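A.B. asks: Below is one structure. I have some questions about it.
The values are calculated or read from the model by the stated rules, or taken from the named source; none is laboratory data. Predicted, not measured: the structure shown is a model, and the values here were computed from it. Virtual Cβ from ideal backbone geometry, glycine too; neighbours counted across all protein chains shown. Each accessible area value is taken on the protein alone, full model and side chains, heavy atoms only, with ligands, DNA and RNA left out. Shrake-Rupley method; radii C 1.70, N 1.55, O 1.52, S 1.80 Å.
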Amino acid sequence: HERLLDLCAAQNVSTLDRIAHASVVALPAPYRGVNLIDLERLALDVPGTQVARARAWAGLHPDYPCLEATGVVTITVIPATPTTRPQPSAGLLQAISQFLNRRRIVCTRLEIVGPSYVTVTVQASVQTVAGSNLQRVQSEIVAALNLFLDPRLGGPEGLGWPFGRDVIRSEIMQIICAVYGVDYVLSL
C-alpha cells in the first residue's frame, strides 16, 4: 500500500493510470482496497485476466453520473486486447467485481464498467514539402493521429488516452506538423 502511494507521490499523480504500466505492476498488489489507488492496482492483478488500464472514481455511479453517490467507487477497466475500442466482456467485468468485492472496505459499493468512447473526427488541409509523396504523407498523418488518440497507447505521455480528457486542437496540429513531409497546416 505505502509503495503505491510513494510511487504516485514521486510521479506527482493521483492515479496509477498516469504511470507506466510496467512500473505499476512491478510493485506487489495490496491485499485490501483501502483507497482508489489500491483498487486500481488490484483491478490490474485479477487472476486469469488481462487488464491494460484501470481507473477508479469515488462518489460516482455509472447509472447516475450527475449525482453524488456517497460510498460508491466506480472502476473503469480497459482489457489488454488489440482493438481500436477495447471493451471488457461480461465475464471479465464479473471476475474483476468478484475479486475486488472480497478486498473492498465494508460499506463501499463497487461498480466495475467498461469505457465509453467518443468518436473524434479530424478534417485537415496541409501543405506538403515540395516533392513529398501525398499518399504516404496522408497515411502517416492518419496513423499518427490514430496512435495519439489510442485508448491503450496514446495520449500526451503515451500511456493511453487519459480518461475524460478533452482533445486539444493545438495537440492535433502538433501531431500533424510532426509528420515527415508536412510543411504546415492550412486548416483544421
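A.B. asks: Write out, first by first residue and then by second, each pair whose Cβ atoms fall under 9 Å of each other, whose residues are 6+ apart or on separate chains, and whose first residue, in the stretch 159-188, is at positive phi while the second is of a type in the set (Gly, Ala, Ser) and open to solvent by 40 Å² or more (accessible area, probe 1.4 Å).
C.D. replies: Filtered contacts from the stretch 159-188: Gly181/Gly131.
A.B. asks: Related question: What pairs come up if the first residue lies in the stretch 24-40 and is open to solvent by less than 10 Å² (accessible area, probe 1.4 Å), the second is part of a loop (DSSP other than H, G, I, E, B) and not charged (D, E, K, R), and their beta carbons are under 7 Å apart, counting only those six or more places apart or on different chains?
C.D. replies: Val24/Leu44; Gly33/Ile105; Asp38/His1; Asp38/Pro30; Glu40/Thr15
A.B. asks: Looking at the stretch 46-64, which of its residues are in a loop (DSSP other than H, G, I, E, B) and either open to solvent by 70 Å² or more (accessible area, probe 1.4 Å) or touching an Asp or Glu at 6+ places or on another chain (Cβ under 6 Å) (or both)?
C.D. replies: Going through the stretch 46-64, the residues in a loop (DSSP other than H, G, I, E, B) turn out to be 46-50, 59-60, 62-63.
Within the stretch 46-64, Pro47, Gly48, Gln50, Gly59, Pro62, Asp63 qualify.
A.B. asks: Further question: For the stretch 18-45, which positions are part of a helix (DSSP H, G or I) and under 12 Å from Leu4 (Cα atoms)?
C.D. replies: So in the stretch 18-45, the residues part of a helix (DSSP H, G or I) come out as 18, 21-25, 36-43.
Across the stretch 18-45, the qualifying residues are Ser23, Val24, Val25, Leu36, Ile37, Asp38, Leu39, Glu40, Arg41, Leu42.
A.B. asks: Asn101 is checked against (1) modelled with pLDDT under 95; (2) more than 27 Å from Ala144 (Cβ to Cβ); (3) polar (S, T, N, Q) and fails just one. What number does that condition carry?
C.D. replies: Tallying (1) modelled with pLDDT under 95; (2) more than 27 Å from Ala144 (Cβ to Cβ); (3) polar (S, T, N, Q), Asn101 fails exactly one: (1).
A.B. asks: Quick one: Ala20 ticks every box in (1) closer than 19 Å to Ile96 by Cβ; (2) open to solvent by 10 Å² or more (accessible area, probe 1.4 Å); (3) of a type in the set (A, V, I, L, M); (4) in contact with a Leu (Cβ under 9 Å, 6 or more places away or on another chain) bar one, so which box is it?
C.D. replies: (1)
A.B. asks: Still on this structure, please answer the following. Of the residues Leu188, Leu153, which is under 19 Å from Gln50 (Cα atoms) and of a type outside the set (Ser, Thr, Tyr)? Show your work before the answer.
C.D. replies: Numbers: Leu188 fails: under 19 Å from Gln50 (Cα atoms).
Going through Leu188, Leu153 in turn, just one is under 19 Å from Gln50 (Cα atoms) and of a type outside the set (Ser, Thr, Tyr): Leu153.
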